[in-house]
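Here's the structure, in C-alpha coordinates; my notes come after.
The values are calculated or read from the model by the stated rules, or taken from the named source; none is laboratory data. Computed from a predicted structure; not experimentally measured. Note that we place each Cβ from the backbone using ideal geometry, even for glycine, and neighbour counts take in every protein chain shown. Just the protein is used for accessible areas: all its heavy atoms, side chains included, with ligands, DNA and RNA removed. Shrake-Rupley method; radii C 1.70, N 1.55, O 1.52, S 1.80 Å.
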Amino acid sequence: MMTTDQKTDAYTNAMIAGLPQGPAFPREEAENRDALFRAIAREFALEDDLVDLMISEANPLTASITIEEWEADFGLPDCDHQHATTLQERRAAVHEKRTRVGSLNPNAIVALAKKLGYDAEVIERRPFVAGLSRCGDRLGRADSRLWWTVRVYQARITRFRAGASRAGEKLMSIARAEDLVCVLERINHSHLKLTFSYEGN
(Lines give C-alpha, C1' and ligand atoms only; values in the text may rest on other atoms or scores of the structure.)
Protein backbone atom coordinates (compact mmCIF):
# COMPACT_ATOMS: atom_id res chain seq x y z
CA MET A 1 0.00 0.00 0.00
CA MET A 2 1.31 3.47 -0.89
CA THR A 3 2.21 5.97 1.82
CA THR A 4 0.62 9.43 1.94
CA ASP A 5 3.80 11.01 0.52
CA GLN A 6 3.90 8.53 -2.35
CA LYS A 7 0.25 9.26 -3.15
CA THR A 8 0.98 13.00 -3.01
CA ASP A 9 3.83 12.58 -5.50
CA ALA A 10 1.64 10.47 -7.78
CA TYR A 11 -1.21 13.01 -7.76
CA THR A 12 1.23 15.90 -8.34
CA ASN A 13 2.83 14.17 -11.31
CA ALA A 14 -0.59 13.30 -12.72
CA MET A 15 -1.77 16.93 -12.56
CA ILE A 16 1.42 18.22 -14.18
CA ALA A 17 1.22 15.57 -16.90
CA GLY A 18 -2.40 16.54 -17.56
CA LEU A 19 -1.62 20.18 -18.35
CA PRO A 20 -2.05 21.32 -21.97
CA GLN A 21 1.09 21.29 -24.08
CA GLY A 22 2.77 24.50 -25.15
CA PRO A 23 5.09 27.32 -23.98
CA ALA A 24 2.47 28.63 -21.50
CA PHE A 25 2.68 25.40 -19.53
CA PRO A 26 6.34 24.44 -19.09
CA ARG A 27 7.03 20.97 -17.69
CA GLU A 28 10.14 22.05 -15.74
CA GLU A 29 11.26 25.05 -13.68
CA ALA A 30 7.81 26.02 -12.43
CA GLU A 31 8.36 25.89 -8.68
CA ASN A 32 5.37 28.04 -7.70
CA ARG A 33 2.99 26.08 -9.87
CA ASP A 34 4.38 22.73 -8.65
CA ALA A 35 4.09 23.85 -5.00
CA LEU A 36 0.43 24.75 -5.59
CA PHE A 37 -0.22 21.41 -7.29
CA ARG A 38 1.56 19.60 -4.46
CA ALA A 39 -0.67 21.28 -1.87
CA ILE A 40 -3.77 20.21 -3.81
CA ALA A 41 -2.33 16.72 -4.32
CA ARG A 42 -1.71 16.44 -0.56
CA GLU A 43 -5.45 16.90 0.07
CA PHE A 44 -6.26 14.26 -2.54
CA ALA A 45 -3.79 11.87 -0.85
CA LEU A 46 -5.36 12.47 2.58
CA GLU A 47 -8.82 11.80 1.14
CA ASP A 48 -7.41 8.63 -0.40
CA ASP A 49 -6.14 7.56 3.04
CA LEU A 50 -9.61 8.16 4.50
CA VAL A 51 -11.17 5.98 1.80
CA ASP A 52 -8.70 3.18 2.62
CA LEU A 53 -9.54 3.59 6.31
CA MET A 54 -13.28 3.50 5.63
CA ILE A 55 -12.87 0.28 3.65
CA SER A 56 -11.03 -1.41 6.53
CA GLU A 57 -13.47 -0.06 9.13
CA ALA A 58 -16.45 -1.35 7.11
CA ASN A 59 -15.48 -4.91 8.06
CA PRO A 60 -15.58 -5.88 11.76
CA LEU A 61 -12.67 -8.28 11.23
CA THR A 62 -10.39 -5.33 10.32
CA ALA A 63 -12.10 -2.51 12.26
CA SER A 64 -10.07 -0.66 14.86
CA ILE A 65 -11.37 2.89 15.32
CA THR A 66 -15.03 1.86 14.98
CA ILE A 67 -14.91 -1.39 16.99
CA GLU A 68 -16.94 0.24 19.79
CA GLU A 69 -19.65 1.20 17.28
CA TRP A 70 -19.72 -2.34 15.90
CA GLU A 71 -20.11 -3.70 19.43
CA ALA A 72 -22.91 -1.26 20.21
CA ASP A 73 -24.75 -2.21 17.01
CA PHE A 74 -24.73 -5.89 17.98
CA GLY A 75 -25.29 -5.50 21.71
CA LEU A 76 -21.80 -6.52 22.76
CA PRO A 77 -20.20 -7.35 25.06
CA ASP A 78 -22.65 -10.09 26.05
CA CYS A 79 -20.77 -11.03 29.22
CA ASP A 80 -18.94 -9.11 31.92
CA HIS A 81 -15.58 -10.82 31.31
CA GLN A 82 -15.53 -9.60 27.68
CA HIS A 83 -14.73 -6.02 28.74
CA ALA A 84 -11.06 -6.98 29.15
CA THR A 85 -10.60 -8.84 25.88
CA THR A 86 -8.07 -7.98 23.18
CA LEU A 87 -8.90 -6.24 19.91
CA GLN A 88 -8.59 -9.54 18.01
CA GLU A 89 -11.04 -11.22 20.41
CA ARG A 90 -13.46 -8.29 20.18
CA ARG A 91 -13.39 -8.49 16.38
CA ALA A 92 -14.07 -12.24 16.55
CA ALA A 93 -17.02 -11.68 18.91
CA VAL A 94 -18.60 -9.11 16.57
CA HIS A 95 -18.04 -11.36 13.54
CA GLU A 96 -19.59 -14.34 15.34
CA LYS A 97 -22.71 -12.45 16.33
CA ARG A 98 -23.02 -10.79 12.93
CA THR A 99 -22.90 -14.14 11.10
CA ARG A 100 -24.74 -16.26 13.67
CA VAL A 101 -27.42 -18.58 12.33
CA GLY A 102 -30.75 -19.01 14.07
CA SER A 103 -30.69 -22.77 14.59
CA LEU A 104 -29.03 -24.51 17.50
CA ASN A 105 -27.74 -27.93 16.48
CA PRO A 106 -24.41 -29.72 16.96
CA ASN A 107 -22.98 -28.45 13.66
CA ALA A 108 -23.99 -24.86 14.46
CA ILE A 109 -22.36 -25.11 17.90
CA VAL A 110 -19.10 -26.43 16.41
CA ALA A 111 -19.12 -23.62 13.81
CA LEU A 112 -19.82 -21.01 16.49
CA ALA A 113 -16.94 -22.32 18.59
CA LYS A 114 -14.64 -22.16 15.54
CA LYS A 115 -15.50 -18.49 14.97
CA LEU A 116 -14.52 -17.73 18.56
CA GLY A 117 -11.23 -19.62 18.20
CA TYR A 118 -12.00 -23.02 19.75
CA ASP A 119 -12.01 -26.58 18.45
CA ALA A 120 -15.02 -28.38 19.91
CA GLU A 121 -17.43 -31.24 19.41
CA VAL A 122 -20.94 -31.93 20.67
CA ILE A 123 -21.78 -35.22 22.35
CA GLU A 124 -25.48 -36.05 22.18
CA ARG A 125 -26.70 -38.39 24.89
CA ARG A 126 -29.38 -40.89 24.00
CA PRO A 127 -31.25 -43.38 26.18
CA PHE A 128 -30.52 -47.05 25.56
CA VAL A 129 -33.41 -48.40 23.49
CA ALA A 130 -33.83 -52.13 22.89
CA GLY A 131 -33.84 -52.87 19.17
CA LEU A 132 -32.13 -49.56 18.28
CA SER A 133 -29.09 -49.44 20.54
CA ARG A 134 -26.17 -51.81 20.19
CA CYS A 135 -24.12 -53.81 22.60
CA GLY A 136 -21.49 -51.51 24.09
CA ASP A 137 -23.60 -48.32 23.79
CA ARG A 138 -23.93 -46.21 26.90
CA LEU A 139 -26.85 -46.95 29.20
CA GLY A 140 -28.53 -43.56 29.19
CA ARG A 141 -31.67 -42.69 31.09
CA ALA A 142 -34.81 -41.53 29.33
CA ASP A 143 -34.31 -37.93 30.47
CA SER A 144 -30.85 -37.81 28.85
CA ARG A 145 -32.32 -37.43 25.36
CA LEU A 146 -32.03 -33.63 25.44
CA TRP A 147 -28.68 -33.41 27.22
CA TRP A 148 -25.66 -32.38 25.15
CA THR A 149 -22.07 -31.97 26.23
CA VAL A 150 -19.88 -29.43 24.44
CA ARG A 151 -16.32 -30.72 24.58
CA VAL A 152 -13.70 -28.00 24.07
CA TYR A 153 -10.33 -29.43 23.10
CA GLN A 154 -8.00 -26.65 24.16
CA ALA A 155 -7.92 -23.09 25.42
CA ARG A 156 -7.83 -20.26 22.89
CA ILE A 157 -4.41 -18.65 22.64
CA THR A 158 -4.33 -15.11 21.26
CA ARG A 159 -0.87 -13.81 20.43
CA PHE A 160 0.01 -10.14 19.98
CA ARG A 161 0.18 -9.36 16.27
CA ALA A 162 1.37 -6.16 14.63
CA GLY A 163 -1.50 -4.57 12.76
CA ALA A 164 -4.13 -6.61 14.61
CA SER A 165 -3.35 -5.74 18.24
CA ARG A 166 -3.17 -2.49 20.15
CA ALA A 167 -0.32 -1.04 22.19
CA GLY A 168 -0.62 -2.07 25.82
CA GLU A 169 -2.20 -5.47 25.13
CA LYS A 170 -0.56 -8.62 26.49
CA LEU A 171 1.89 -10.45 24.26
CA MET A 172 -0.25 -13.56 24.73
CA SER A 173 -3.62 -14.23 26.36
CA ILE A 174 -5.22 -17.58 27.14
CA ALA A 175 -9.00 -17.96 27.34
CA ARG A 176 -10.81 -21.00 28.70
CA ALA A 177 -13.99 -20.76 26.58
CA GLU A 178 -15.86 -18.42 28.95
CA ASP A 179 -17.19 -16.47 25.98
CA LEU A 180 -18.35 -19.66 24.25
CA VAL A 181 -20.17 -20.81 27.40
CA CYS A 182 -21.78 -17.37 27.78
CA VAL A 183 -23.03 -17.26 24.18
CA LEU A 184 -24.39 -20.81 24.23
CA GLU A 185 -26.18 -20.27 27.53
CA ARG A 186 -27.80 -17.14 26.11
CA ILE A 187 -29.09 -18.78 22.94
CA ASN A 188 -29.77 -22.27 24.33
CA HIS A 189 -33.30 -23.65 24.00
CA SER A 190 -35.23 -24.00 27.24
CA HIS A 191 -35.76 -27.75 26.79
CA LEU A 192 -32.08 -28.51 26.11
CA LYS A 193 -29.49 -29.10 28.82
CA LEU A 194 -25.93 -28.11 27.94
CA THR A 195 -22.84 -29.08 29.91
CA PHE A 196 -19.22 -28.31 29.07
CA SER A 197 -16.04 -30.31 29.33
CA TYR A 198 -12.45 -29.34 28.62
CA GLU A 199 -9.46 -31.26 27.35
CA GLY A 200 -5.83 -30.33 26.87
CA ASN A 201 -4.27 -27.17 28.32
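For the reader, a short list of remarks on this structure follows.
- Secondary structure note: in the chain, about 60% of the DSSP beta bridges are antiparallel.
- Portion, in percent, of the accessible area of the chain that falls on carbon or sulfur, probe 1.4 Å: 55 percent
- The residue list Tyr153, Leu53, Ala41 was ranked by how far each Cα lies along the charge dipole of the chain toward its positive end, using unit charges on Cβ atoms, and Tyr153 comes out on top.
- Cα→Cβ-extended label distance, 7 Å offset, between Ser197 and Ala58, nm: 4.7 nm
- Dipole magnitude of the stretch 71-121, debye to nearest 20 (Cβ charges: Lys/Arg +1, Asp/Glu -1, about Cα centre): 200 debye
- Residue of Tyr118, Tyr153, Tyr11 that the Gaussian network model of the chain assigns the largest fluctuation, springs spanning Cα pairs under 10 Å: Tyr11
- The stretch 4-43: relative contact order as a whole-number percent, Cα under 8 Å and 6+ apart: 66 percent
- In a reduced charge model with +1 at each Lys and Arg Cβ and -1 at each Asp and Glu Cβ, the chain shows a dipole moment near 1560 debye about its Cα centre.
- Take the Cβ atoms of Met2 and Arg186, set R0 to 45 Å, and the FRET efficiency comes out at 0.50.
- In this structure Met2 has an accessible area near 90 Å², from a 1.4 Å probe over the protein heavy atoms.
- Residue (of Phe25, His189, Leu112) at the positive-pole extreme of the chain, dipole from beta-carbon charges: His189
- Cysteines in the chain lacking a second Cys C-beta under 4.7 Å: Cys135
- Entry for log10 I(q)/I(0) by the Debye sum over Cα atoms at q = 0.10, 0.12, 0.16 Å⁻¹ (calculated from the structure that is shown) out of [x] -0.49, -0.65, -0.95; [y] -0.44, -0.61, -0.96; [z] -0.63, -0.76, -1.05: [z]
- Residues of the stretch 21-89: accessible area per residue with a 1.4 Å probe, Å²: 67 Å²
- Phe44-Arg159 FRET efficiency (beta carbon distance; Förster radius 41 Å; 0.05 resolution): 0.60
- Computed [θ] at 222 nm, deg cm²/dmol, the chain (DSSP H ≥ 4; -39,500 (n - 2.57); rounded to nearest 500): -12500 deg cm²/dmol
- Proportion of all alpha-carbon pairs of the stretch 1-77 beyond 18 Å (%): 56 percent
- Long-range HN-HN contacts of Phe196 with modeled amide H, under 5 Å: Val150
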